[in-house]
1. Find which of V349, S339, G325 sits farthest along the positive direction of the dipole of segment 294-404, computed with +1 on the beta-carbon of Lys and Arg, -1 on that of Asp and Glu, about the Cα centre.
2. Rounded to whole Hz and in sequence order, give me ³J(HN,Hα) for segment 47-64 from the Karplus expression 6.51 cos²θ - 1.76 cosθ + 1.60, θ = phi - 60°, writing x for Gly and Pro.
3. If packing is taken as the average number of other Cβ atoms within 10 Å across a peptide's residues, how do 89-97, 171-179, 65-73 rank, most packed first?
4. Where Lys and Arg each count +1 and Asp and Glu each count -1, what net charge lies around R463 among other residues with Cβ under 12 Å from its Cβ?
5. Provide the packing ranking of 469-479, 238-248, 338-348, 224-234, i.e. peptides ordered by the mean count of other C-beta atoms within 10 Å per residue, highest first.
6. With a cut-off of 17 Å, note down the residues of segment 149-175 whose backbone N falls inside the zone around a label point 7 Å from the Cα of E440 toward its beta carbon.
7. At a 1.4 Å probe radius, carbon and sulfur cover how many percent of the accessible area of segment 178-238?
8. Any idea of the accessible area per residue across the chain, 1.4 Å probe, to the nearest Å²?
Amino acid sequence: MAERGDDGTFPAPVYRETVLAPLFETVKRHHWRQQMRINRASAIMLAARSLLGRDEAAAILRALDDIEAATDVAALPYTGEHEDFFFLVEAELTRRLGVGTAGKLHMGRSRNDIDHTVFKMALKERLAGLLDDLLGTISRLLEVAEANRATLVVAYTHGQPAQPTTYGHYLGAVIELLLRDVERGRQASRYPDMCSMGAAAITTSGFPLDRAMMAELLGFAEVQENAYGCIAANDYLTSVYGALRLLFVHLGRFVQDLNTWTGFEVGHLHVPDGYVQVSSIMPQKRNPVAVEHLRLLCSLAAGRASATIDVLHNTPFTDVNDAEGEVQVAGYAAFDAGSRALRLLTGLVGAARVDESRVRRHIEESCITATELADSLVRAEGISFRQAHEIVASLVREMLGRGDRFATVPYAAFTRAFAAVAGRSPRLEEAELRRYTTPEHFVAVRTLPGGPAPAPLAASFARYRGELEAARAWLGEYRGRIDGVDRRLRERARGLIES
């Protein structure tokens, strides 16, 4: 039981200061509009079910308009006179209409189903906004990938140079991952799109309410069926924040690559001055700190999403405050950080440029076209891959010992390495050796689906664009239901008030 004041009244000052006042502030910042929408929808539905006279419904709707017009919600102080915003509005309705009319609005509903419906409406808006930001990021990544379909970069495995590929091919991998994150967000979006209204406290009501009508008026795709689950399940929270956490874990790994590529010793990616800060003491320093801020924002978004899920860990499967106002608002910070990260990444990726000369030098120094030389020996000489691997490995060891590159290694060194393993001289001529060890050849022959060669990469880009357009179409429909709520309520209210 909450602590009471010295005279036994509720709320006790400390309870008001530590719980009720902060919750009131969160409603003022985030949720009061959704509460007012539910009040209007309730009046319209109750009138349609003849549980409220049309004149009574019209009077309530007019009074709700008056309350909203007369109240500067942002300036409302919490006095403790009313426990929360819900009771404040109910008291204002009663003052205007009398309890005989105003008191009918709450038939068949509870703050339980109202709260979860409010939270779902607010969460849907934020999820739609974040997915819009994400689609914008993917669109920009795709533009950059298409423009860099032939721009060479070094592909790393285990932190070491492995093979050449193209920047477009690398970004394609990021795009595919983010498109799957869009799909995870789309799947998760189903659960806050199920309306809880009509569940009342936890078991529905004996009044003949129209749950489907409430869902339609409030912009939900469907009714969440089981009333107990409407209040207790809270998987709309865990699903959305689970998808959010994965998105920013994934995005943070990409950002970590950008951090490596922009380092002085690697220097494969040049960040323009608009994303660079200087040192306050070291004149030579050029800090691409936008990348660090990206990493931080991704970590904050992922961490805050995780915290929101963790709050529900080991809570009972029933109505709990652990899933309500405080945790809902704490989760919104994940969206704030995530949106900032996506917008910053969109700008940075569009502005950064690959340092092609540095990349080429590192490709040559690391001999990372060796895989294709081995593959070419299998095709041209008819030897096994294991023999070819041994030949090329021996050649590379000799080259690195002398500081040679594939472009300069003596052809005689190759013939010696070949003969030592194959027991004969190679048929491969020097011109072919040089061609097979270029990064351009390496990329060009990788024509399997998903490879970096022009044809498969173009096919991948076309598929990504198609998926992006389909996701935008879906998101437009999803946002349309959200954005249409006030219009629908106004139209239905006008019909009652003017009849």
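1. The residue sitting most towards the positive pole is V349.
2. 5, 5, 9, 6, 8, 9, x, 4, 5, 5, 4, 4, 5, 5, 5, 5, 5, 4
3. By packing density, highest mean first, the sequence is 171-179, 89-97, 65-73.
4. Residues close to R463 contribute a combined charge of -2.
5. Highest to lowest by the protection proxy: 238-248, 338-348, 224-234, 469-479.
6. Counting only backbone N, you get 149-153, 164-167.
7. Taking all protein chains in place, segment 178-238 shows 51 percent carbon and sulfur surface.
8. Averaged over the residues of the chain, the accessible area is 46 Å².
The values are calculated or read from the model by the stated rules, or taken from the named source; none is laboratory data. All values derive from a computational prediction rather than experimental measurement. Neighbour counts are summed over all protein chains in view; Cβ atoms, including those assigned to glycine, are modelled from backbone coordinates with ideal geometry. The area values use the complete protein model at the heavy-atom level, side chains included, leaving out ligands, DNA and RNA. Shrake-Rupley method; radii C 1.70, N 1.55, O 1.52, S 1.80 Å.
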